[in-house]
Amino acid sequence: MKKRVFAGDIISHIGEEITFTGWVHARRDHGKLVFIDLRDRSGVVQVVFGPSIKNAGELRLEYLIKITGEVKKRPQAMVNEKTPTGQYEVSAKKLEIISASEALPIPVDSDGYEVDEEVRMKYRYLDLRRERMKRNLKVRHDVAHFIRVYLVEKGFWEIDTPILTKSTPEGARDFLVPSRLQQGKFYALPQSPQQYKQMLMIAGVEKYFQIARCFRDEDPRADRAYGEFTQLDIEMSFVTQEDILQLTEDLFTKLCAEIFPEKHIMQTPWPRLTHKETKEKYGTDKPDLRKDKNDPNELAFSWTVDFPLFTEQTKEDFFHGSGVAKFAPSHHMFTAPHPDDIPLLDADPMKVRGLQHDMVLNGFEVGGGSIRIHDPKIQEKVFDLIGFSKEQKEQFSYFLNAFVYGTPPHGGIAPGFDRFIYAALGEKSVREVIPFPASAGGTTSVMTAPSEVKKGQLDELGIEIKKGNKQ
Ligand code: ASP
């Protein structure tokens, strides 16, 4: 058997006989000659079938075929300058139909924006065949790979943390998973690995990262998928806020140069704005600092720092406190107060600055982090201020306990992995860069979860569905 060659590589096989496997992307039947654009993961190549290839007439769009043929330079008049392989074609000698295809329910040769999103999600495995989606998947892979190489070289360890866990309060609603072994009790899916990464610092890991899946039961928006998302979770011991900003800035500046060479970063070092400044000047804490907002190649990164540690508590903050306290954490309840402002925790909590940093790109908050509290007394004080009851504090006793055994000062950040790629590519919604996202209505792609379960499964869990709640 001849070696299988990818479309993108045919240029280096001119004059050779090769085997090529791909899907029929386009088809032009000129009677004696049949022209097929054959597509594989790397691109598209034109294949010409002469009259000796009898079954060429059977080919339809998206048939998966294998051909053997010779790579040739096209006659000058036939050159297509628009595609990278447009100067070449394969003259087929043999054709094998591996899998036929029914007519597709959605087109895959367009950018796909024109197709109803629900239908795209139902057939996501076809939707991902389109070039734009394949590029997005590849960018996702490249970004993950770059991050791993960069951080490992800097001495970070990639460590995973549990998915079945306890509520990790980041301010959103938890997803709950019922326990079979301890009926009536629930796990929560992690809103982020926040507490685990802090415990890894107590464990002496010093430099941790994880490309982590996080779960939050929040309404979707253009920049937020429903249910789950991925973030680059980073934590370090013995660092200042400056160290965290510098590492993140260097990582993303280099990453952009490598993965988005056509794009340019507006300003390096990235501008740093205090929360007060940016609110006064731009009316937001995530300003869009691009000069020309229509230019897809401008990347305007900035930092927002010096956030107030607390904001006024609203009704939605019931996850944090009793709902009667005045204060809610601006970031999360583990963010350290500015050392100069510690006395204000008693005197005037709203004036306390937090050591929080937000990473902003083109008007999107693409990451957030902070220096953490490592003194259990201050942690308890913050719990009190956000209105934790004795019972709620007890729920966190494992965390406070961990802090009494020689805790290093530590801090970190968690740039949103999907959200960064979405903002950098200037995509229309974050779902465009997630392989199998849930729809805006919360239904998962292809498999259409959530779904009902058998009564026996509920019995095992000791769960009964209230009458009237069944759809
Ligand atoms: N856990 C935080 C979040 O998910 C990030 C951090 O503080 O490192 O927003």
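Inside segment 347-374, can you point out the residues that are away from the ligand (no atom under 14 Å from the Cβ), in contact with a helix residue (DSSP H, G or I) (Cβ under 6 Å, 6 or more places away or on another chain) and either part of a loop (DSSP other than H, G, I, E, B) or among the basic types (Lys, Arg) (or both)?
Those that are away from the ligand (no atom under 14 Å from the Cβ), in contact with a helix residue (DSSP H, G or I) (Cβ under 6 Å, 6 or more places away or on another chain) and either part of a loop (DSSP other than H, G, I, E, B) or among the basic types (Lys, Arg) (or both): Lys351, Val352, Arg353, Asn362.
As an exercise: evaluate Leu181 against (1) more than 30 Å from Ile463 (Cα to Cα); (2) more than 16 Å from the ligand (Cβ to nearest atom); (3) in a loop (DSSP other than H, G, I, E, B) and give the number of the one condition it does not meet.
Leu181 satisfies every listed condition except (1).
Looking only at segment 233-265, count every residue that is more than 22 Å from Phe417 (Cβ to Cβ) and assigned to a loop (DSSP other than H, G, I, E, B) and tell me the total.
Here the count works out to 2.
So in segment 403-438, with the set limited to residues that are assigned to a helix (DSSP H, G or I) and over 28 Å from Gln246 (Cβ atoms), which one is nearest to the ligand (Cβ to nearest atom)?
Arg431
Taking Thr284, is it touching a Ser or Thr at 6+ places or on another chain (Cβ under 6 Å), more than 16 Å from the ligand (Cβ to nearest atom) and not hydrophobic (A, V, I, L, M, F, W, C)?
no
I need a count of the residues in segment 1-37 that are in contact with a His (Cβ under 9 Å, 6 or more places away or on another chain) and among the hydroxyl-bearing types (Ser, Thr, Tyr).
Of the residues in that region, 0 qualify.
Within segment 31-114, which strands (runs of 3 or more DSSP E) (wholly inside it) include 3 or more residues that are buried (at least 20 other Cβ atoms within 10 Å of the Cβ), of a type in the set (Gly, Ala, Ser) and touching a strand residue (DSSP E or B) at 6+ places or on another chain (Cβ under 7 Å)?
In segment 31-114, no matching strands (runs of 3 or more DSSP E) lie anywhere.
Assuming Arg173 fulfils every condition listed in (1) modelled with pLDDT of 95 or more; (2) surrounded by fewer than 17 Cβ atoms within 10 Å (Cβ to Cβ); (3) within 15 Å of the ligand (Cβ to nearest atom) apart from one, which condition is it?
It fails just one condition, (1).
Six or more apart or on different chains, Cβ atoms under 8 Å: show the pairs whose first residue is in segment 268-293 and closer than 20 Å to His338 by Cα and whose second is surrounded by 11 or more Cβ atoms within 10 Å (Cβ to Cβ) and among the acidic types (Asp, Glu).
The qualifying pairs are Thr274/Asp306; His275/Asp285; His275/Asp306; Lys276/Asp306; Thr278/Asp285; Lys279/Asp285; Asp285/Asp358; Asp285/Glu365.
The values are calculated or read from the model by the stated rules, or taken from the named source; none is laboratory data. Please read these numbers as outputs of a predicted model, since none were measured by experiment. With ideal geometry, Cβ positions are generated from the backbone for all residues, glycine too; neighbour counts draw on all protein chains shown.
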